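Colleague: This is the structure I want to talk about, given as structure tokens.
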Amino acid sequence: MTTPLALRGGFVFLDPEQGRVLRVAPFQYNPDTLTRSLQPRGTGSGGGDRLEALRLSGPPQETFRFDAEFDAADRTDKGGRPDPAVGTGLFAVLSALESAINPTGAQLRESDRLSSMGMIEIAPVEAPLTVLVLGRRRVVPVRITEMSVAEEAYDSALQPVRAKVTLSVRTLTTDDVGFDHRAGALYLRYHQGKESFAALGAYGSDAVGLTGI
């Protein structure tokens, strides 16, 4: 019997306007543990209007925190072929992750050009849209809020060959980007998927030993 190929999680970086895939940074090994935190956003402030106690002002603030581990000695793509970045240690995968929080060289040069002309950009440069993929049912638009890289081993050229990247990301909701933004559409799909699964787990009050509430 053939063993199903396990899915790998990772990040997909999109052009926020056109939706074109710019880069993909798959996890070499799926995280062993992932911590997910949800902070509700209610209108009640405690001691205020009692009618506001159960009201929600928007989606909760959801954050993910996990470790991604990489080892250059064991890097192959999904088909088992050699990694095209072989010989560069982990510079390729680490650089791909860091690209989500770095302006491009072209953007930096353009900002400097405008500054030298006495001009100021009205809006800061826009980063790629970062999408966290954790299986087919969790495709989440996120913003990386913290990245810590522990380089644990090097080759003879001082290239990192083993590293652990600790990542914290925050889900981008329609409150952050609106409904017309590509990230807003991705969030709605993710949110509605949760609603569908919540409906599958519906029980009656007898499940907790009550005949009614």
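The values are calculated or read from the model by the stated rules, or taken from the named source; none is laboratory data. Quick caveat: nothing in here was measured; it's all calculated off a predicted structure. Positions of Cβ are generated from backbone atoms using ideal geometry, with glycine treated the same way; all protein chains shown enter the neighbour counts. Each accessible area value is taken on the protein alone, full model and side chains, heavy atoms only, with ligands, DNA and RNA left out. Shrake-Rupley method; radii C 1.70, N 1.55, O 1.52, S 1.80 Å.
Colleague: Does any residue of the stretch 139-149 turn out to be in contact with an Asp or Glu (Cβ under 9 Å, 6 or more places away or on another chain) and without any contact (Cβ under 8 Å) to a residue 24 or more places away in the chain?
Modeller: No.
Colleague: Which is of a type outside the set (S, T, N, Q), within 20 Å of Thr63 (Cβ to Cβ) and not in a strand (DSSP E or B), of Leu132, Leu158, Leu167, Leu188?
Modeller: Leu188
Condition check ((1) outside any helix (DSSP H, G or I); (2) modelled with pLDDT of 90 or more) across all residues:
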| position | (1), (2) |
| --- | --- |
| Ser95 | no, yes |
| Leu108 | no, no |
| Ile122 | yes, no |
| Glu126 | yes, no |
| Arg137 | yes, yes |
| Val142 | yes, yes |
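Colleague: So, one more: Just wondering, is there one or more residues in the stretch 38-56 that are within 14 Å of the chain's Cα centre (by Cα) and either modelled with pLDDT of 90 or more or more than 26 Å from Ala96 (Cα to Cα) (or both)?
Modeller: Within the stretch 38-56, not a single residue is within 14 Å of the chain's Cα centre (by Cα) and either modelled with pLDDT of 90 or more or more than 26 Å from Ala96 (Cα to Cα) (or both).
Colleague: I would also like to ask the following. What are the pairs, 6+ residues apart or on separate chains, where a residue within the stretch 178-191 that is closer than 16 Å to Pro128 by Cβ has its Cβ under 9 Å from a residue that is modelled with pLDDT under 90 and open to solvent by 50 Å² or more (accessible area, probe 1.4 Å)?
Modeller: Within 9 Å, the pairs are Arg182/Glu17; Arg182/Gln18.
Colleague: Quick check on the stretch 1-37: of everything there that is among the polar types (S, T, N, Q) and under 23 Å from Thr173 (Cβ atoms), which residue is modelled with the lowest pLDDT?
Modeller: Among residues in the stretch 1-37 that are among the polar types (S, T, N, Q) and under 23 Å from Thr173 (Cβ atoms), the one modelled with the lowest pLDDT is Gln18.
To keep it simple, each residue is scored yes or no on (1) touching a Pro at 6+ places or on another chain (Cβ under 9 Å); (2) of a type in the set (Phe, Trp, Tyr); (3) open to solvent by less than 90 Å² (accessible area, probe 1.4 Å).
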| residue | (1), (2), (3) |
| --- | --- |
| Arg138 | no, no, yes |
| Met147 | no, no, yes |
| Gln159 | no, no, yes |
| Lys164 | no, no, yes |
| Arg170 | no, no, yes |
| Phe197 | no, yes, no |
| Ala202 | no, no, yes |
| Ala207 | no, no, yes |
| Thr211 | no, no, no |
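Colleague: Being at pLDDT below 90, surrounded by 11 or more Cβ atoms within 10 Å (Cβ to Cβ) and of a type outside the set (Val, Ile, Thr): is that true of Ala68 here?
Modeller: Taking the combined requirement at face value, the residue does not satisfy it.
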